[in-house]
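Worksheet: one structure, shown below.
The values are calculated or read from the model by the stated rules, or taken from the named source; none is laboratory data. Owing to the predicted nature of the structure, the values given are computational and were not obtained by experimental measurement. No Cβ is skipped: glycine too gets one built from the backbone with ideal geometry, and neighbour counts run over all protein chains shown.
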Amino acid sequence: MCANKVKTKYVCSNCGAETLKWMGRCPQCGEWNTLEEQVEAPAPKSLSLGLKDDILTPAKPQKLSSIRYNGDKRILLHMKEVDRPLGGGIVPGSVILWGGEPGIGKSTLILQICHAMASQGNSVLYCSGEESEIQVKLRAERLHVNDENCFIYAGSSIDSIIKEAETIKPAMLVIDSIQTMYISGVDSPMGSPAQIRDCTSALVRFAKKMNISVMIIGHVTKEGNLAGPRILEHMVDVVFYLEGDRSYQFRVLRTVKNRFGSTAESGLFVMEGSGLKGIEDPSKYLLRNRSEAAPGSMVVACMEGLRPVLVEIQALTVHSVLAIPRRIAAGYDYNRMIILLAVLEKRVRIPFSSDDVYLNVAGGFRVKETAADLGIALALVSVKKDIPIPGGLMALGEIGLTGEIMPVSKIGPRLKEAVKMKFTRFLLPEGNRDEVTDFCKSNGLSGLLDSMVFVKHLKDAIEYIR
């Protein structure tokens, strides 16, 4: 009797944290008034939907040498910017979770993937709990998707979806979105952590049993994390985030988790009227409208996964009329910008305390690494002193609190991309001198060594552009 006793708990609707008593503030994420009372009942029978044979005949341990592998190959989508992050295509039986802000293009990209699957003769079941069949059809017409092998199901019941999937036996099942789904036997409301967890559990077990790939679209919180319990990311095989600024066309598909490939790969897209289009040369796309030798404009080489991407940093400073000057950063970490301004004022004696400072990464790209520190600092000094940046100059280096320039990783691929984009001058950390020399000699770029200046301190780099 104790095993079936109903218990009460409180679950945070923001992060999924559980407590035994109600609190005004969630102890894990810090949000106020997000703890909701839930009744913890025994696991519902519906979780075994389609898996009755497994329950009646429990699995037994097997020797690794005796397990037979039928050699299932990955399903290539022939979409390079999706196949690469996946690790070479979709693995049959895998469960892939897609996250991203509303309107960023998740459903659009998934529908394009459905088209890529169906065009190869594979059947696809697209289940939408947010849109009707007609609404999905309207989006499909805009994307020029009209395949006989693509089935649309408008419904929110996981029980019904699994039954339909058992009948159709598709190669891929799409759930859009997991927050709109519910499973019978769970008393919690749709979108609650308990419903999300149990729905995903049923889909994962169904995918492994039937060897069907499942795509799950998830909403995100205001912090950018996937909504629902954190265990959701542990249950699936692959976790993707589609990022970008909706004001721009540029999109980045980042891999957070991948059991079948590397998490260092990423996909780069541009949003067009006909859907998301992969970018083969992102550096050329991001620098297409750049004006040469403008004060406050600097190009830096960032690593997006294993791919180098050249982006333009734009800086602007004006005398402030406010008691507290404004600091605004778009596409760059705000706190990192504050640190760079403090280093410039303390170590190089260039004051910014009375100026409004604006920093922007052109094209909607987001810079997340410290290798861009030197380029950003030079852009700030350039616009402050109204000094044009020399044409064809690129700077790389991490700036320490003492003003020293520290080495950066993967400098070889960064230089190779810069040379391809016709950059001829380089400001590089002294700590990378040996690595750069070896790279240039081994790649037939020895002539570039004369145009490279290696610096130890921020003062040396600023003297170069004056």
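Side notes on the structure shown:
- Just one residue in the set S119, S128, S107 is more than 20 Å from I178 (Cα to Cα) and hydroxyl-bearing (S, T, Y); that residue is S119.
- Considered as a group, the residues in region 398-426 that are touching a Gly at 6+ places or on another chain (Cβ under 8 Å) and not β-branched (V, I, T) include one that is farthest from L340 (Cα to Cα), and that residue is K422.
- Sub-6 Å Cβ pairs linking a first residue in region 253-275 that is modelled with pLDDT under 90 to a second residue that is surrounded by fewer than 17 Cβ atoms within 10 Å (Cβ to Cβ), at least 6 apart or interchain, are A264/L306, ordered by first then second residue.
- Residue within region 264-284 that is over 22 Å from Q112 (Cα atoms) and out of contact with any helix residue (DSSP H, G or I) (no Cβ under 7 Å at 6 or more places or on another chain) present: yes
- For region 389-398, the condition holds for at least one residue, the condition being that it is without any contact (Cβ under 8 Å) to a residue 60 or more places away in the chain and either among the charged types (D, E, K, R) or under 25 Å from Y248 (Cβ atoms) (or both).
- Condition check for I339: crowded, with 20+ Cβ neighbours inside 10 Å, more than 23 Å from the chain's Cα centre (by Cα), among the β-branched types (V, I, T) and within 29 Å of P413 (Cα to Cα): no
- Which numbered condition E435 fails, given (1) farther than 23 Å from E292 by Cα; (2) not in a helix (DSSP H, G or I): (2)
- Those strands (runs of 3 or more DSSP E) lying entirely in region 309-416 with at least 2 residues in the same structural domain as K456 (by TED's automatic domain parsing) and touching a Lys or Arg at 6+ places or on another chain (Cβ under 8 Å): 355-361, 393-395
- Residue in region 302-309 that is exposed (fewer than 15 other Cβ atoms within 10 Å of the Cβ), charged (D, E, K, R) and in contact (Cβ under 8 Å) with a residue 24 or more places away in the chain present: no
- Checked against the criteria, R139 counts as more than 22 Å from N211 (Cβ to Cβ) and surrounded by fewer than 22 Cβ atoms within 10 Å (Cβ to Cβ).
- Single match in E272, E265 (criterion: loosely packed, with under 15 Cβ neighbours inside 10 Å and not assigned by TED's automatic domain parsing to the domain that holds V408): E272
- The residue that is farthest from T317 (Cα to Cα), among those in region 251-262 that are touching a helix residue (DSSP H, G or I) at 6+ places or on another chain (Cβ under 8 Å) and surrounded by fewer than 17 Cβ atoms within 10 Å (Cβ to Cβ), is F260.
- Scan of region 368-386 for residues that are crowded, with 16+ Cβ neighbours inside 10 Å and either more than 27 Å from the chain's Cα centre (by Cα) or within 12 Å of Q314 (Cβ to Cβ) (or both), ordered by number: G375, I376, L378, A379, L380, V381, S382, V383, K384
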